[in-house]
Every structure is written in structure tokens, then in C-alpha cells.
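The values are calculated or read from the model by the stated rules, or taken from the named source; none is laboratory data. Quick caveat: nothing in here was measured; it's all calculated off a predicted structure. Virtual Cβ from ideal backbone geometry, glycine too; neighbours counted across all protein chains shown. Heavy atoms of the whole protein, side chains included, go into the accessibility calculation; ligands, DNA and RNA do not. Shrake-Rupley method; radii C 1.70, N 1.55, O 1.52, S 1.80 Å.
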Amino acid sequence: MNDHFKIYEHSRQRNVLDVRNLSVAFTGRKTKKTVLSDVSFSIRPGETVALVGESGSGKSVTALSLLRLIERSGGVISGATYFTDNDGQTVDILAQDEKELRAIRGNKISMIFQEPMTSLNPVLSVGFQITEAILAHRDVSAEEAKREAIDLLHKVEIPDPERRFGDYPQQFSGGMRQRVMIAMALACKPSLLIADEPTTALDVTTQARILDIIQRLKEEMNMAVLFITHDLGIVSEIADRVMVMYCGSIIEKADTRNLFNAPSHPYTSGLILSMPAVGSARGKGVPLPAIPGTVPAVWQGARGCTFSPRCSYAIERCRHETPLLQRRNPHSFVEVACHRAAEIRSMLGSLLPWVEAGELGITA
Amino acid sequence: MPALIETNGITKTYASRGGLFDLLKQKKYLHALYKVSLSIEKGEVLGLVGESGSGKSTFGQCLMGLTETDDGTIRVDGGDVTHATADQVRDMRRRFQIIYQDPFASLSPRMNIRDIICEPLDIHRVGTQKERTARAAELIEIVGLRAEHLLRFPHEFSGGQRQRISIARALALNPEFILADEAVSALDVSLQAQIINLLVEMQRQFSLTMLFITHDLSVVEYLCDRVAVLYMGRVVEVGRTKDLCSNPAHPYSQVLLSAIPNIDPRRKKKRLFMRGERFSPYELPETGCVFAKRCPQGRPECAAITPKERVLPESVDHRVSCHFA
């Protein structure tokens with residue numbers, strides 16, 4: 001009862017982002033390669049949604065096309081992307097012109113990338129780069145901007161921010177640079193933060209710190225986060241909901257608890273099982289359950305389900321007919337693109353070492 | 001089991017290069033390795049774990065004779081090879097092989113797969129051309145690819161397949177020892193599992209001795225018999241994988257383990273954090289524990305007295321360098 005009420009409440013709140021049938025293609029002289037097909041999803045205010053997939057699955061293309069940055073490399077976008085800012089104004093990002101886009105990028109929607117050194121300008125002090133972001137979008141004095149920048153550096157836990165304000169990017173370690181990037185991204189209190197593998201280049205101890213900072217600031221600013229990663233471990237720790245991508249399509253959408261306790265797609269379950277996890281190994285030499293084969297190039301996805309060549313549950317139908325992303329059942333919020341989802345669901349769940357036989361009936 | 005490789009107090013120091021204006025300043029020195037003593041038994045897989053800059057790769061390079069050590073000794077089969085002659089080095093390189101992290105950088109784009117796998121055989125003049133090709137065909141199947149792949153070039157393969165080729169090349173000379181330096185770190189999750197399984201299988205099938213260098217503690221359990229944790233060039237803890245992963249004794253090992261995001265909901269633990277920033281590797285204190293400043297449990301005596309390595313009571317050679325572990 002209570003849950004139903006919560007869901008009702010959520011549905012009344014406007015989504016920060018509503019992506020409908022987003023497709024991206026690169027056209028050559030004679031060829032057209034579709035790298036992202038019919039991706040639809042939404043993000044609610046204050047929610048962390050993870051986009052998971054292996055390299056080449058289309059995660060980064062999705063992120064870049066949300067801000068229309070993919071067009072610079074020749075990508076052609078179709079579909080619609082409705083963005084609602086904190087004031088309740090809704091716009092279709094795909095219909096905006098360059099000037100309107102500039103008012104959104106780095107202001108209402110910010111992005112942080114994997115390698116902080118390539119995102120920072122090496123000849124400008126970090127203080128200058130943060131104040132620049134503030135002054136570009138907001139009507140404040142230079143002094144006020146500086147005060148805010150120092151405050152931001154403080155918020156991302158950079159020790160001694162007044163002194164570090166004038167330092168240059170190379171004087172910071174990798175983890176510290178990523179904190180600077182986060183400070184810059186949050187300078188204008190965005191409604192949505194897109195984080196594209198922000199901790200992949202960092203050590204685990206530093207990664208833990210950065211994830212912590214992002215989570216804390218997200219809550220403080222009631223900001224939505226689209227977190228792109230290949231690491232399911234991170235997903236299980238920070239995400240409210242998860243979308244799994246394979247070959248340019250979303251193949252499963254679920255809340256985090258459901259995904260890790262009752263995966264619906266054979267690929268999701270395969271990914272979870274193939275993750276090495278501390279303390280879960282049954283000793284050296286017991287093989288990890290690996291997914292056979294390799295990820296095909298997106299445009300090789302030919303007919304049928306793109307995962308079917310690697311799938312141990314594939315039947316004849318999977319090789320001919322492309323499965324659509326559908327709700328697992330009418331009462332469920334879990335969506336899955338698999339013909340056999342209903343049949344194999346309990347089997348997939350029972351493979352997970354942490355799922356007790358009795359727990360399989362997790363609903364929703 | 002006798003040790004195949006044994007290092008005794010090896011130290012490696014690099015002098016800072018610095019820019020033009022640094023010429024006038026005093027040179028700074030960085031201890032990439034400081035008095036590292038480790039042994040790897042025959043047929044054993046030793047994991048070497050630590051963050052970037054901890055000296056993992058330098059240690060591997062010292063073992064392979066790719067870098068000279070400043071102090072300490074390296075013994076192979078009981079014989080001192082610290083200052084090996086050219087002939088000795090040549091012999092060692094036949095018995096010791098390396099698999100690197102990035103299969104895109106470690107395979108020459110201009111050589112076909114047959115030539116890549118046969119190159120070690122060519123260099124060490126093993127067999128005739130025909131025999132070498134036959135060996136390449138045998139190896140490529142052992143690592144899970146097909147003989148028809150021999151005439152292709154590296155760019156036609158995915159990352160996981162390339163790493164299989166690197167493994168085939170490393171196996172070509174029937175080595176006794178393989179150094180795997182972050183060999184699975186650059187791969188996607190689904191491929192990482194495949195390559196880990198392949199390495200385990202190869203290690204068993206050919207009774208290889210291995211040093212497995214990684215920053216990712218979660219993979220060592222699937223591969224390693226023992227693990228050593230390195231922090232700023234020093235071994236802070238070493239023990240059997242199971243003991244170290246389930247009962248880390250050194251506070252740094254505890255931090256490292258707690259920082260790994262874990263998907264297993266039964267294993268969710270409270271995260272431990274380090275304090276402040278680490279020492280600059282150029283300005284390490286003369287005495288005291290190198291981890292003292294960051295240690296969640298650090299006490300005043302940690303900065304004053306350098307901890308000595310000791311064996312934990314009631315353990316199987318589980319050694320740790322901490323006053324309070």
C-alpha cells in the first residue's frame with residue numbers, strides 16, 4: 001500500500017529527463033551505421049540511474065547525444081529528449097539551437113568524464129576554470145564567484161582550498177583533479193549530472209572517496225545523476241535504478257535490488273556472475289562463470305537478438321526476431337528485451353550465490 | 001617446495017629528472033622499492049597488489065632483469081642473478097616471460113599472428129621454420145583461437161582475443177615463470193573472466209610459476225596462492241590469499257579491501273577511509289611507518305618507530321609490518 005503511494009507520488013513529479021526513441025547513426029558515403037537504436041528512459045529528480053555496459057555498447061554515445069555533443073563527430077541523432085529544469089521549464093534538447101544549448105550545457109546539465117587531465121586546461125589555474133564556469137552562466141561579481149569556487153573546492157573535500165585555488169591541474173593528483181572537475185560541474189547547481197566513467201582511471205581507494213562525494217553532493221543539491229560505468233560493483237553501491245546496454249540497445253531496466261537479486265536478461269545475469277568478487281570465490285582454480293564469445297560491433301547486430309550468439313538460452317526464435325524492451329509483467333517496473341524472460345527468470349535468479357531458494361519471489 | 005625466485009631486500013631508487021630550472025636545485029630521490037624481500041615457490045602464483053605508484057611494476061621489471069636494482073639480491077634457483085652476465089640474462093629471458101596489460105600496445109601491428117607467436121622461437125633459435133609454425137598452430141589452439149587465425153593481423157582481433165595471443169606468445173618457449181603485469185585489467189568484464197580462467201588453466205597445465213601484478217584485489221582470489229600488498233615501495237603484508245582476503249591484518253590492506261565495490265549483498269561492509277593525503281614519494285620520513293599519516297588507526301608511536309615485519313601468531317606464514325596488527 002505504502003509502496004503504491006510512493007510510486008504514485010513519483011509519477012506526479014516531473015521527470016528531469018525523458019528520452020524517447022533516441023537513435024544515433026553515423027553515415028559514410030555509402031554506409032549508414034546505427035550505433036544507438038530506440039533508447040528510451042527517464043530520470044526523476046534526485047535519482048541516480050546507472051547505465052551499464054561493456055566497451056562499444058553505446059553508453060558514452062548515449063551520454064554525448066543527450067547534450068548533442070555527438071554531432072561534432074558526425075553522429076546523426078533522432079528521437080526526442082525532454083529536459084525539465086528546476087523551475088519546471090520543459091524543453092526538447094534536440095530542438096534547441098546552439099545558443100540555447102550553451103545555456104543548458106554546464107549549467108542545467110553538467111558532465112564529468114573519465115580522464116580529468118584531458119578535461120582541464122593545463123595553462124589555467126583550477127580556480128580560474130571554476131570561476132569561469134560560474135561567470136559564464138550566472139550574473140555574479142568576480143569576487144563572489146571566487147568565494148563560491150573556494151566553497152565548492154571545500155565541498156569536494158580538497159584540503160586547504162584557499163591555497164589550492166591558484167594551483168594548476170598538474171599540481172593535483174588524479175583523484176584531486178577529478179574533485180576539481182566535480183566542483184566545476186556543480187558550480188551552477190545543475191538539475192542533472194552526467195558522469196561518464198568518472199572513477200575508472202582512479203585507484204580503488206580514491207574511487208571510493210569520489211563516489212562518496214558524488215553521493216553526498218547529489219543529496220545536498222537534490223540533483224539527478226546519470227552514472228555511466230562498466231563496473232557492476234559501483235552500480236550496486238550507488239544506483240537507484242539500472243539500465244543495461246548491449247550493442248546499442250537497452251536490454252534490461254530494473255531497480256538495483258531487483259537487478260542483483262532477480263536479473264531478467266541472460267546477459268545481465270552473465271555479467272553479474274562473471275564479476276570477480278572479494279570473498280565470494282570458492283578458492284583458487286574454481287573457474288569464473290564467463291560469458292563465451294566477444295561483444296560484436298554494434299552494426300554487426302544483424303537479425304534477431306544481438307546477444308543470441310553468446311546466449312546459452314537462445315532458441316530459434318531469438319535468431320530471427322528482435323525482442324522488444326517490455327515490462328516483465330503488467331505489475332512490474334522491470335523491463336526486459338528477451339523472448340524467454342518469463343520462462344528463464346527463476347533459473348537465472350537461482351544461479352546467484354546470494355539468492356536463497358525462498359527469496360526468489362521478489363516482486364515489483 | 002623450493003623457491004624459484006627469491007629477492008632479499010631489493011631497493012630501487014630513481015632520481016627526479018626535473019626541468020631546466022631544477023638543475024640548480026638539489027636532486028630528489030624516489031624509493032620505488034625499499035628493502036623488498038619476497039619469494040615465489042615453484043608452481044606457485046604470487047599476487048602483488050597495490051595502487052598506482054606503489055612499485056608493483058618496478059618489482060616485476062627487477063625480476064626480469066629489465067631494471068638494475070640498487071641494493072639487495074635476486075636469486076633464481078638459489079643462484080645469485082643480481083648482476084647477471086649477458087649470457088645469464090639471455091638464458092633467464094628464455095625461462096621467464098611477460099604478459100602485459102594493454103594487448104593493443106604489446107602486439108606489433110605489422111606482424112601477423114604466426115610471426116608474433118614465433119618471434120621468441122626465432123630469437124632463441126628453437127627448431128626449424130616448419131617446427132616453429134607447427135608450434136604456433138598448437139599454441140593458438142591451446143589459448144582458444146583457431147589455426148586459421150595465424151595469418152591474420154592484430155587489428156582484426158578484439159581485446160580479449162589479443163590477450164589470448166599474448167598468452168600464446170608467452171608460452172612459446174615453454175617458460176618456467178610468467179610475469180603477468182595487469183594482464184586482465186584492460187579487458188571488459190565478460191572477457192576478463194574468460195582470460196582469468198585461461199590463465200588458471202595454463203598455469204595448471206604447464207605447472208607455471210607466476211607473479212600476478214594487479215591493482216584489483218578482487219581478481220587475486222581466483223588466481224593466486226599467496227598475495228603481497230605493496231604500499232609506497234614496501235611490502236606491508238604478505239600471506240595466503242584466503243587468509244589475507246578474509247582477515248587482512250595491516251590497516252592499509254583493510255582499507256584497500258573495503259574500498260572495492262562488491263556486488264555480493266552478503267559481503268557489504270562498512271567502508272574504511274584513509275586520512276589526509278599521502279606522503280610525497282620524494283619526501284618519505286626516515287623513521288616510522290610510511291602509512292602512519294594516512295592510517296585510520298595511526299598512533300604517535302607509528303611515526304616514531306619503523307615497524308618490523310613479523311609473522312602473525314597461529315598463522316601460516318602470514319607476515320605483516322605493523323605495530324598493532
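Looking at the square roots a ≥ b ≥ c of the eigenvalues of the Cα gyration tensor of segment B:82-159, which shape do they give, rounded for a/c under 1.5, prolate if a/b is larger than b/c, or oblate? Judged from the Cα gyration tensor, segment B:82-159 comes out oblate (a/c at least 1.5, b/c at or above a/b). Between B:Ala105 and B:His124, the contour length at 0.36 nm per residue exceeds the alpha carbon distance by 4.5 nm. Using a probe of 1.4 angstrom and keeping all protein chains present, the accessible surface of segment A:246-356 works out to 45 square angstrom per residue. The largest accessible area among B:Asp102, A:Asp139 belongs to the first residue in A:Asp139, B:Asp102, and the rest follow in falling order (1.4 Å probe, all chains). Check B:Ile99: other-chain or 5+ apart residues with amide H under 5 Å from its amide H, H built from backbone geometry? Placed amide hydrogens put B:Leu179, B:Ala180, B:Asp181 under 5 Å from B:Ile99.
For A:Ile251, the amide hydrogen comes within under 5 Å of the amide hydrogens of A:Val244, A:Met245, A:Tyr246, counting only partners 5 or more places away or on other chains and with H modelled in the peptide plane. Counting, for every residue in B:213-222, the Cβ atoms of other protein chains within 10 Å of its Cβ and taking the mean gives 5. Model label points for B:Ser16 and A:Thr322, set 7 angstrom from Cα along the Cα-to-Cβ axis, are 5.7 nm apart. When its C-alpha radius of gyration is set against 2.2 N^0.38 Å (N residues), segment B:1-143 gives a value of 1.30. Thinking of chain A as a set of Cα atoms, what percent of all their pairs are more than 35 Å apart? Roughly 28 percent, rounded to a whole number.
Using protein chains only (no ligands, no nucleic acids) and a 1.4 Å probe, work out which residues of segment B:170-195 have their accessible area cut by at least 30 Å² relative to the chain alone. Buried by 30 Å² or more upon assembly, which counts only protein chains, are B:Asp188, B:Val189, B:Ser190, B:Leu191, B:Ala193, B:Gln194.
The ellipsoid equivalent to the alpha-carbon distribution of segment A:121-245 has semi-axes of 26, 17, 12 angstrom, derived from the gyration tensor eigenvalues as √(5λ) and listed largest first.
Given R0 = 60 Å, the distance between the Cβ atoms of B:Lys27 and A:Lys30 translates into a calculated FRET efficiency of 0.50. Accessible area per residue was computed with a 1.4 Å probe on protein heavy atoms; A:Cys247 scores about 10 Å². Reducing segment A:110-188 and segment B:25-84 to their Cα centroids gives an inter-centroid distance of 39 Å. Contact order for chain B, expressed relative to its length and based on alpha carbon pairs under 8 Å spaced 6+ residues apart, stands at 19 percent. Structure note, pairs A:Lys253/B:Lys270; A:Lys33/A:Lys218; A:Lys284/B:Lys130; B:Lys56/B:Lys308; A:Lys218/B:Lys56: Cα-Cα distances above 30 angstrom occur for A:Lys33/A:Lys218; A:Lys284/B:Lys130; A:Lys218/B:Lys56.
What does the accessible area per residue of segment A:15-239 come to in Å², with a 1.4 Å probe and no ligands, DNA or RNA counted? It would help to have the intermediate numbers written out before the result.
Details: 9230 Å² over 225 residues.
Accessible area per residue, segment A:15-239: 41 Å².
Coupling constants for segment B:28-42 follow from the phi torsions by the Karplus curve (6.51 cos²θ - 1.76 cosθ + 1.60, θ = phi - 60°), and in residue order they are 9, 10, 10, 8, 5, 9, 9, 6, 8, 10, 9, 10, 10, 6, 4 Hz; glycine and proline get x. Across peptide B:157-168, what mean number of C-beta atoms from other chains lies inside 10 Å of a residue's C-beta? Across B:157-168, the average partner-chain Cβ count within 10 Å equals 1. Taking R0 as 45 Å, what's the FRET efficiency between B:Phe153 and A:Asp255 from their Cβ-Cβ distance, rounded to 0.05? For R0 = 45 Å, the calculated efficiency reads 0.50. Residues within the reach of a label modelled at A:Asp240 (point 7 angstrom out along Cα to beta-carbon, backbone nitrogen below 20 Å), restricted to segment A:17-37, are A:17-20. Spin-label model, B:Ser39 to B:Val316: label points 7 Å out along the Cα-to-beta-carbon direction sit 1.6 nm apart. Summary of the geometry: segment B:107-159 and segment A:308-346, compared by the centres of their Cα atoms, lie 40 Å apart. Couplings 3J(HN,Hα) of segment A:324-332, computed from phi: 9, 6, 9, 4, 5, 8, x, 9, 9 Hz, in residue order, whole Hz [Karplus 6.51 cos²θ - 1.76 cosθ + 1.60, θ = phi - 60°; x for Gly and Pro]. Think of segment A:246-356 as having a plus end and a minus end, set by charges on the Cβ of Lys, Arg, Asp and Glu; of A:His320, A:Thr256, A:Pro296, A:Pro296 sits farthest toward the positive end of this dipole.
The overall shape of segment A:246-356 is oblate: from the C-alpha gyration tensor, with semi-axes ordered a ≥ b ≥ c, the ratio a/c is 1.5 or greater and a/b is no larger than b/c. Going 7 Å from the Cα of A:Arg102 toward and past its Cβ, which residues in segment A:128-145 have a backbone nitrogen under 16 Å from where you end up? Of the residues in segment A:128-145, A:132-139 have backbone N under 16 Å from the label point off A:Arg102. In this structure, B:Glu138 and B:Glu201 have a Cβ-Cβ separation that, at R0 = 22 Å, corresponds to a calculated FRET efficiency of about 0.90. Of B:Cys224, B:Gly47, B:Val255, which is farthest on the positive side of the dipole of chain B, counting Cα position, with +1 on Lys and Arg Cβ, -1 on Asp and Glu Cβ, and the Cα centre as origin? After comparing all options, I get B:Val255.
Between segment B:200-273 and segment A:57-75, the alpha-carbon centres lie 37 Å apart.
Counting every C-alpha pair in the protein assembly as shown, the share spaced more than 46 angstrom apart comes to 23%. The portion of the accessible surface of the protein assembly as shown made up by carbon and sulfur, rounded to a whole percent, is 50 (1.4 Å probe; DNA, RNA and ligands excluded).
Taking Cα centre as origin and charging only the Cβ of basic (Lys, Arg, +1) and acidic (Asp, Glu, -1) residues, the dipole magnitude of chain B rounds to 720 debye.
Using +1 at the Cβ of each Lys and Arg and -1 at the Cβ of each Asp and Glu in the protein assembly as shown, identify which of A:Ser23, A:Phe128, A:His230 lies farthest towards the dipole's positive end. Of the listed residues, the answer is A:Ser23. Backbone phi angles across segment A:114-120, fed through the Karplus curve with coefficients 6.51, -1.76 and 1.60 (θ = phi - 60°), yield HN-Hα couplings of 5, 9, x, 5, 7, 8, 9 Hz in residue order; Gly and Pro are listed as x.
For chain B, the square roots a ≥ b ≥ c of the C-alpha gyration tensor eigenvalues yield an a/c of 1.5 or more together with a/b exceeding b/c, which makes the shape prolate. When B:Glu286, A:Glu47, B:Glu41, A:Glu132 are compared by accessible surface with a 1.4 Å probe, the order from highest to lowest is B:Glu286, A:Glu132, B:Glu41, A:Glu47. Pairing chains B and A buries close to 4000 square angstrom of accessible surface in total, based on protein heavy atoms and a 1.4 angstrom probe. The simple spin-label model puts a point 7 Å past each Cα toward its Cβ; for B:His83 and A:Ser350 those points are separated by 6.8 nm. Partner shielding of A:199-210 amounts to 5, given as the average count of beta-carbon atoms from other chains within 10 Å of each residue beta-carbon.
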